[in-house]
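Working notes, beginning with the structure itself.
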Amino acid sequence: MKKQFNTERKLYTLCILADDSPGILSQVARLFSRKGYNIESIVSGATDRPGVARISIEIIADELMIDQIAAQCRKLLPVKAVKILDEDTCIRREIAFIKVAAADRAAREEAIQIANIFHAKVIDVSRDSLTLWVFGSQSKSDALIDMLSDFGILEIAKTGTIAIERGRSTIYDDNKLKEEYDYGKNVL
């Protein structure tokens, strides 16, 4: 019996564990490009295991698309594990630096008050600008940016989104055994 896929497009986060080797991020990004999928966000970083990197990729897709791209990622030689997370089952966060104009003391104080409401931190101050740091959901960053836009945004730098599954479940669960991932990869 054929599986019925939901054709509604929504935001998914694909988490990948792979060998921490030169070119792996490029290899994964090329796979998405070849398939014609647009990456909304991509972040790579260290894990609790030496020599293993975690890549978090956000993509707007339907169930069929995300299942297909996850299957393609699993076929890549350096890949150890792949997990599909959706908005309802994961915690997603990003970091943003926001530099705003602050022409005088009153403007600086008002911008700092707004930053405090969002639990943002002032990380740099000059006579005519402030740089703020905020950590949280994308909607939190966007709301802070919207509130600060009246001051004049000078520059914004954002990380991509990192994500982890809620509860006890991890990326190591529900994945093929290491032997299954490696089967056939070393035959070449």
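Numbers at a glance
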read-out: Bins of 10 Å from zero: percent of alpha-carbon pairs in segment 57-133; value: 15, 30, 15, 18, 18, 4
read-out: Projected label distance in nm at Thr47 and Asp150, using a 7 Å step from Cα toward the beta-carbon; value: 4.7 nm
read-out: Most positive-pole-ward Cα, Phe118, Ala143, Ile91, against dipole of segment 91-162 from beta carbon charges; value: Ile91
read-out: Subset of Lys83/Lys158; Lys75/Lys99; Lys35/Lys80; Lys75/Lys121; Lys80/Lys121; Lys35/Lys121 violating a 32 Å alpha-carbon distance limit; value: Lys75/Lys99; Lys75/Lys121; Lys80/Lys121; Lys35/Lys121
read-out: Net +/- balance of residues flanking Ser149 in space, Cβ distance below 14 Å, scoring K and R +1, D and E -1; value: -4
read-out: Semi-axis lengths, Å, segment 91-162, gyration tensor of Cα atoms, sqrt of 5 times eigenvalues; value: 21, 11, 10
read-out: Length added when fully stretched, Val122-Ile39, from 0.36 nm per residue minus Cα-Cα; value: 26.8 nm
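Values quoted throughout were computed directly from the atomic coordinates according to the rules given, and no laboratory measurement underlies them. Predicted model only: the values in this text are computed from it and were never measured. We place every Cβ from the backbone using ideal geometry, glycine too, and count neighbours over all the protein chains shown.
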